[in-house]
Structure formats: structure tokens, C-alpha cells
1. Which FRET efficiency value, to the nearest 0.05, is calculated for A:Glu38 and A:Tyr141 with the Förster distance at 25 angstrom and r the Cβ-Cβ distance?
2. Is there a pair in C:Lys315/C:Lys399; B:Lys57/B:Lys160; C:Lys288/C:Lys381; C:Lys7/C:Lys223; C:Lys16/C:Lys223 whose C-alpha atoms are over 20 Å apart, and which pairs would that be?
3. Could you check the simple spin-label distance between B:Arg294 and B:Ser48, using points 7 Å along Cα→Cβ, in nm with one decimal?
4. How much length is gained on full extension from C:Ala73 to C:Thr282, taking 0.36 nm per residue of separation minus their Cα-Cα distance?
5. Pull out the extension gain between B:Met154 and B:Asp99, defined as 0.36 nm times the separation in residues minus the alpha carbon to alpha carbon distance; nm, one decimal.
6. Using 0.36 nm per residue of separation minus the Cα-Cα distance, give me the extension gain between C:Arg231 and C:Ala440 in nm, one decimal.
7. What is the ratio of the Cα radius of gyration of chain C to 2.2 N^0.38 Å, with N the residue count, to two decimals?
8. Determine the shape class of region B:45-293: with a ≥ b ≥ c the square roots of the Cα gyration tensor eigenvalues, call it rounded for a/c under 1.5, and otherwise prolate if a/b is greater than b/c, oblate otherwise.
Amino acid sequence: MNALAARLGNKPWLLSFAGAFAVWLATILFTEGKGGGEMITAALSFATFTVIVGIGQMFVITTGPGNVDLSIPSTIALAGGVAMKIMGGQDSLIWFGLLACIGAGLAVGAFNYALIRLLKIPPIIATLSSSLIVMSVAISYGRGLQIKPPPSFADFTTAQISGVPVLSICAILFAIAMAIILERTIYGRATLAIGQNVRVAHLAGVKVERARCITYLMSAAFAGLCGALLAGFSGGNALNMGEEYLLATIAVVVIGGTSVAGGRANVPGIWGAALFLYLLVTMLNTYGASAGIRLVLTGLIIIAMITLAGGDKPSR
Amino acid sequence: MTDTTLATPARDRMAFLGDPRLLRKALPAVSLVAILIAIFVLNERAMSYRGLDLMLKYAVPIAFATIAQMFILTVNDLDLSIGAFVGLVACIAGTWLVDQPVLCILILAGCIASYAAIGALIHMRRLPSIVVTLGMSFVWLGIAVILMPTPGGMVPDWLKALMSWKPPLVPFPIIACLVIALVAHVLLMESSYGAVLRGAGGNATAIDRAGWSLLRIRMSMYALAGFFGVLSGLSLIGLTTSPDAHIADRYTLLSIAGVILGGGEFVGGRVSPIGAVIGAVTLVLTGSFLIFMRISPDWQIGAQGAVLIVVLALRALIKLREAK
Amino acid sequence: MLQATEKIVSLSGMTKSFGAVRALANVDLAVGVGECLGLVGHNGAGKSTLINLLAGTLAPDGGEIRVSGVAQAADYGVRRAGALGIRCVFQELSLCPNLSVAENTRIYHKSLRGWGWRRNAAELVRRKLDEVFPGHGIPPHATVGDLLIGQRQMVEVARAFTVTDSPTRLVILDEPTSSLDAVAGKQLLTYVRRFVKEGGSCLLTSHLLGDILDYCDRIVVMKDGGVVADRSAVEFDRESLVAAMGNVISEARIKAHEHVTAQRGETPVVVRAVPKQQSDQTALVAHKGEIIGLAGLAGHGQTRLLLQIYEAAGKTRADTSVSGPVALVAGDRQTDGVLHLWSIARNISVRSMRALVKGGLIDRDAESALAKKWRERIRIKTPDVENNILSLSGGNQQKVLFARALGSDAGIILMDDPMRGVDVGTKLEVYELIRAEAEAGRTFIWYTTEIEELNNCDHVYVMRDGQIVADVARADLTEEKVLQASFREGGRA
């Protein structure tokens, strides 16, 4: 009995997939089966970006209360600009551009971690301050101009294999890799242990600061990569293209069954939640709901999810 | 003060109250003075009545929002929805304040009540405030977008007149900021219940043991935050001609930065209303400073971040000295 | 005459258990009006539990609390106790560090409100501070967090004696002098005498037996969750008090274990540590393969010394040198030991992850083999090592923590009072395991609050006030020696 409860408790992500499926079903019932396939393709495409940054945010949130990366949107904007500028529309420079956007992300992550460690300030304040600076750097660097991606890069980010976006396949593989890192590497286990109780983790021999450093580097690096991919996908970079991802990443992490109190993370749930959020918006669109109603429902669903999950530990 | 009656050996015990702590307390004011001097050096004319009036115009709604955020931080929570909330208030007032003022006031009172309800939910279910308020930011924004899909609305003339009032000698924004700081100071720092409210952030167990209701305390703080959020929204539409839902999106981050700049701590109930207003004003002036420096406006928000980091670094240094 | 017999509180048949551990068994205790009652006992005797029941911070499992002769209902709690004039100065400070001294006083008194409340509160606490600690030098508007720990304790004590609308009738002082200097300590005790003379009552605990003997009217001695002596203070002296706290038959038990005794110093030194607060250069020294005991009253720096050694693992510093990796077995399972979301297997393997990595990933078979090996060796009672750690009983959770440390590569094992709340059967199994591991070359540094456990050690250090105050070889170990060293000699200087 206990074992059964534990097994169900271990798979809270099933809920987010079930939700995604229900919403999809409700939509195609309304459209009488029309556009169901296209809807899935679109959902996969858009969810891909949320998943890439969401996984980074998930690792950050997993390290415990007060840990949130608020610099994700600025990092996306900066890295998108860096990648497009370096690629300069030329196919031959795609790899350099990708390296550069990850590099830009790592630089932001290192800066974040340095602030947290040296100034001993809560991560939420550190990433808030750095996000402001990074945004300015992005504005100044890009001069507000939109640079088009190289044709092959644009093709790659929008390519599909029988209705399944190539990028989504990559992101699924990426998620599998991250799930393995979470469960089977020393780093992943360290992160989970820290999130449960930093003191216990330290006393059990876990290298706390190393794991925290890697976490912030990773989150920013993923945001950087996402920036380049988004720019490729949407035909050029834009300063505001990361805006929605601050709230979206926190939302998918919470809905996907990761504990905000820390120590319990869930990679598949991120996928489920990202699909769910996109399909929810599509459904509301189909039903003719206005932008305002979509926002209100999104907010209420986030609050309902966290209230149902319950805060098992007092935390911010 | 009874300090003068201290016996001689006691004075040695007083030595610990020396420099670093005073320095930490003075830091927000020092930052503000530093930026004022820098602006004055760059452009003398900015220090005129007109110059200050212009530069500090938007300090009023930001100061209100910062005080709202400060109430939440006092009980160790964080409000990620204050910007959206201020935007909603602006839209509500822009829609009804001219035509149906009574209805409008009732609706705004309802907004404050829902803030208190959020506080109760967070307390009773022990939820993380960032996630709940993040969700609420969607809700506020959504309602605001429904009310006002495109910029528009009407602003009552008295509100416009108040916000552009030119009193003799001292510009209105300065008077307003002083009043805001004083009112919040009296509410939180001088009133007897204010001590209990702050105590809940410092040591909740002690407050509970002394027989106070922590639920009531949290609800009071959230209600106060909602009230000051409403004032922020009203003062904001007094300055603009056409409110819209996104008008105050930046206020969430600005308000957090303002409290921290003003010497507020992230945990432990250590906040200062006067400091918070000073922090908000400093942030607003940073923008003007950059303009006078002829630095491109691109760097405006970056400079706010940099100011925050510099102040936090200074504070870390002072703390290091304190520890010795 | 009525004064002498009237009781401010009387507890009868108090019973309290924490899980399987019985902290109090059918205890009776009464404090008279105008009486200062001393309460002494070694760690785990039940003092703190009794105080918490009286103060209303814990609810008893059984028994009756009467205040001024009136039986209290089941809802007796802090608020009720406060309203009846019972004040408790807790060991852990219950002041708000972000508030001023006056504001902290206001929190205590609901009637301090309205115009001028701050001035009234400041005046109230300043007067009481002046009365209790003349020359204290604490400005009433100073922020409590900025005060020194001793000054905070003074504020806390003075606040408990302040009176507004309801009288203060019984003040419970739980080790009030532990963070006060000698002068302030004396001032407090002198004030307590004055307070009881004027008809108030006090319940006092202290590790300074001289204070108890000199300032209390009556002394109650507790042991193993019960009262073993209750006599007028003049009937006790230091020796008889120590004897009453101790275990008369311990002499015989120590002899029974004598075969364990090892010669000290035949193997190389692996740990040398001088506690941070040590005034001389006395160091804890451990040789390879030894079991070193750390004794003394709880909270006198033993855990801090263990953490100092833990942080210095593999390093050589001026005050601490430790050769080789170190593992720690936590005693406070919830805050220091258990990773509550994880399985038993993961809780065991967390300290040994590096050894389990194969091709960059943690080898699941090896992980499960490690867990199963220790399940057998240490007899962890579970059908499946993949079950959550919280599915185990407290004793078995503790075994998991032992397995975590013993299954690792650490040659030095630190134990932070790990047998708290563990049943006897488990204890005996673990003792045997520790001895076997020590014989195999592992070094143990074992902080314990149970004097009997020291019988397993080769050498014992007793700590008091953060310092090593006694260094007892195995052959000279007696319970009395440990108690004598734990409680300071005589009164205060």
C-alpha cells in the first residue's frame, strides 16, 4: 500500500501530461477533430524552448528555497543577439555562433554565482541585479537591430520530420540526458541533497559550493542556447524575446511536479507542463477567450497547482 | 535616553556600537547624497525647483510601490505581483474613477481585501510567496487587459492637478516622498502594533509565544501592501494621460531593488521605510544621472543593477568589518 | 504559616514520552509561594521536558497541573501560563533580534500601547534592568541583534520579571547564567533571592552546583525521567548532590567492560584539535584505532569541536590537524542526518558516491549492493532498501546514518551523540560494530550525553563552557569524575 502510494507520488508529472492531453482533447472536440495534428506540432515547437530553459530553472529551484534564476530573460536576449551577430547570416559561422551564445550564458552564470558567493546575497537578488546589467549589455550590444539567422540555421530550427519538429526531437534527447544527469551523476545527486537540507548534505560529504556553481552556470548556459535557437526559429533576434520565459520557466517547474521547497526535481514533468501551458492557451484561443482571460486562468492554475501540492516546508 | 547615566565600566560594553553599524545605517542616505552631488556637478540647473520637479516626477508612484514591497519583505515574503497590481489599479481607476467614483473605490477596496486573502492563503497553506504572487501577477495583468485592451481611459482632473501641483519653494515630489516615508515610518516603526509586525519577521516563534496571531499579522502586512499598491497606481495615472495594463511592469523589480537599496534585509524583518523611499528616489535619479553623463539610455536599467550591486558590495564589506 | 505551605504550582503524575523514549515517568513537583527551587540532573534526566510542561510549550501525556490550587484544563499552554503569571526564560533566546530592547518588552505586554508606549516600555525594562543588573549599560533603544549574547540574556531575564497588568508569580530560569559573566550571574541570583523574599517564586536550573546550593531553598534531583531526591538545600553538599545525580552501580559496570581497554599511544596520531575557546593549549588527541569519548553537559561545545574536526578533514592547521577523510554520524537526525525525500539506499550511498561511479555514472547495482551489504551487517529492518528512509523507525534511521559513515572511505568517524532516542537493543548492536571497526583500524570520536556509553571508549575528554576541562584515561574513568568535571567546582569566583 505504502509502496503504491510512493510510486504514484514519484510520478507527479503524469498529471501534467494528463492535463495536456485533456486540454488537447477539449480543443479538437470543439473544432470537431480539425487541426489536431497541427496543434501538436505547434505545441511541440513552442514547448521546446520552454523546456530548454525550464530544465535550467528546475536545477536552480531544486537547490532549495530562495533559489530562482531571474536573469533568464536578459540572458536569452543577450545570447540571441550575440549568436546572430557572430553568425552574421553566414552558414559557415553557425558553430561559432552557437559556441558564443553558450559562452555568453556561461559568463552570465559565472557572474551570478560570484555575486551569490562573494556578496553573500540571496540568489533572487543576485540574479535580479545581474539581469538588469545583462539587459543593458544586450541593448547596447545589439543596438536594437534585428539580425537574420543564417539560412541553414533557420531551416534547422524550423525543420520537421513528418510533423515532428527536429528541434523537439533534440530537446527530448536533451531532456533524457538531463534526467540521467539528475539521477545518476554525483552532481545531480548533490543538487538533490542540497535542496533537501544544505546542512545535512554538507555533513554527508557533498561538495555544496561546487554543485551550486555548476547549477547557476548551467541555467544561464541553457538560456543562452535557447536565445540562439529562438532567434533562428523566429527569423532574427529581438530584445524582448526572452520576456515571457521568466514566468513560464517558474510555472513549468512548479506544474511539472518539482518541489519549490527543493530536493525533488522532475524532468519529464517540464515537458508535460510546457505542452499543457501551450495547449491551454490554444484551447482558450479556440474557445474565443480574450488575452486577459488566458492570463487570469494561467495565473489561477499556477496557484491551484501549488496549493494542491502544498508547501511541506516554510519557504519563500 | 538614559545613556548619560551609564557607569564607567559600562562604556566599554558600548564600544561595540561603534563605526560599522552606523555606517551601514547611513549607507542609503550616503548613496543618495552621492548621486545628488554627481548630478549637481554635471548640471547645476538640474538642482533647481524645476529640475528636481522633473527628475523626481515618477519617484512618487515608485516610492509607493517600494513601501508596498517593504511590508511584504518585513514578514520574509516577496511580492512578484506588485507591478502588475499597480497596472491593474491604474486601469481600474482609468475606467471608473471619473464616471463612478463610489464604485471605483469599492472595487479598489476589494483589491486590498484580496491582497489580505493572498496573505492568509500563503500563511495557512505555508506556500512559497514567490510562486503564489507570480501566479497573481498573471491574474492582475489578465484582469487589467480585459478592462483596458488598449491604452486609454480617463483620469480625473483633481488627480492630474494634484500630481502636477507646484507648491512654493519645495517641489511636490519631494514633499510627497517625505510624507510617504513619514506615514510608513509611523505605521511600521512607531506604532505599538508595528513593533509586533516587525517582530514576526525577526522571530516568529517569540511572537507566537507572546500570544499574537501570526495569521492576522500576515494578513495585515498584505493588506497594507495592497493599500500602498493602490496609492501607487492612483499617483501613476495622475502623471500619465492614458493608463494601460503594462504601465507598471517594471515596478516589481524596482520595488525590490528600492527596499534593498534602502537598507532592508531580505530576511529577518529588518526594513526601513525611510530608507526604502530613499532607495526608490536613488533609483529614479540614477536615470537622470546617466542622461546628464550623456550615457546612452541603453544603460539606464544596467546602471540601476550596478548601483544595487555596488551598494550590496559595500554592505558586504561593512558586515565583514562588523564580524571582526 | 500559610505562606510556607501554599503552592504556586503543583504537578502530579506528569508523564511524557517522545516516540519510544520515556522522558518523564510519573513525576510530582511543586513550587511553593516565596520559594526558590533548584532542579538538577544530568543530560536526559528530564529537566527540560518538565520545564516545558510547566511553561506550557509541551503538553503532557498524563498527569495534572495545578496553578494556585486550580486544576488546569487540557488547553494549558504558553498563553494561559503567561496570563497566570508564569514566565519562562528559555535557553534558546526568544527575543526578536531586529527589534529594540523596549520593543521586545512591548511584545510581551499587550497593555503597552497607545501614545507614549515606547517611552513606557523603555522605562519599564530599564527600571527592571537597573534593579536586577545594576550598571548593565544596555540602552533600552538599542537593537537586540547588536547586543552581545550576555546582554541579550540580561534583557530576556529582566523582561520576564517586568510587570504590567498581570503579576509575575513564578519565573522559570533554565540555565540563566550560562551566557552571563560572573558579575551579572551573581547580580541575577541576588535579585532572585529578593524576588522570592517578596513572595515570588523561582524554578532554577544550573550546571553550577555552587549556585544551586547557595541560592535555592530546596533542591530536586532528577534522574532517568524521575525525581530521585527532594530535600531542603541545607541538607545537601556538593558530594551528596553529585552522588544523588549519579549511578551508584556504575563502578561495577565499568569493570565488566575492562577487557576493551587498549594501550594509548601505540599507533600514530590521526586527529589533534584544540577547541576554539580553549584558554590553554589542551588538545583532543586521537590515535589510529582508538575510540575517544567526548563528555560533559549537552551544549558545552562538543558538537562544535566535532564540526571543527570535520571541516579540517585532511588538513593541517594551527589548531586542528586531521589526517585522512572524515565521516560524521549525526545525532539530531532531522536537522543533521536524514535526507527525507530519499530512499534508504541513497541515504547510505550519498557519502560514497565517488566510489560508485562507473563510466561517469553512478552504478545502480553497486549502489544497491552497498546498501544491501550494510542492511545485513547492521541489521536495518526493512524489506526493501529502495523504501523511503522515513518508513524506518528512529533507531533504524540512525543505523542508516551509521551505515552511511561506516560504508564510506573515511578512516575517522565522528559521532555526535548518535544514540539519542535509540532503543537498547540497537545500542548494543552498534557498540559491538564500533568496537569491531576500531579493531580494524578506524578511529572514532564519540560525543555522548550518556555516561554509560563512555565505557566503550579508550579515552575520555570532558568539556565545559567550550573547553576541555578533564582528560580521563580509560582506567581512571568513573561516573563521578565525569560529573565532577561537568559541573563547575564550587560557586562562582
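Taken together, the values in this text are just the output of simple stated rules run on the coordinates, not laboratory data. On a predicted model such as this, the values are computed, not experimentally measured, just so you know. In this analysis, Cβ positions are derived from the backbone assuming ideal geometry, glycine residues included, and neighbour counts consider all displayed protein chains.
1. Working: r = 37 Å, r/R0 = 1.47.
For A:Glu38 and A:Tyr141, the calculated efficiency is 0.10.
2. On the way: C:Lys315/C:Lys399 29 Å; B:Lys57/B:Lys160 12 Å; C:Lys288/C:Lys381 32 Å; C:Lys7/C:Lys223 24 Å; C:Lys16/C:Lys223 14 Å.
Exceeds cut-off: C:Lys315/C:Lys399; C:Lys288/C:Lys381; C:Lys7/C:Lys223.
3. According to this spin-label approximation, the distance is 2.1 nm.
4. Numbers: separation 209, 0.36 × 209 = 75.24 nm, distance 5.29 nm.
Length gained, C:Ala73 through C:Thr282: 70.0 nm.
5. Details: separation 55, 0.36 × 55 = 19.80 nm, distance 0.90 nm.
Result: 18.9 nm gained on full extension.
6. On the way: separation 209, 0.36 × 209 = 75.24 nm, distance 4.99 nm.
Residue separation times 0.36 nm, minus the Cα-Cα distance, leaves 70.2 nm.
7. Details: Rg = 24.8 Å, N = 493, 2.2 N^0.38 = 23.2 Å.
My calculation over the Cα atoms of chain C gives 1.07.
8. Values: a/c = 1.86, a/b = 1.28, b/c = 1.46.
Oblate shape, in that a/c is at least 1.5 and b/c is the bigger or equal ratio.
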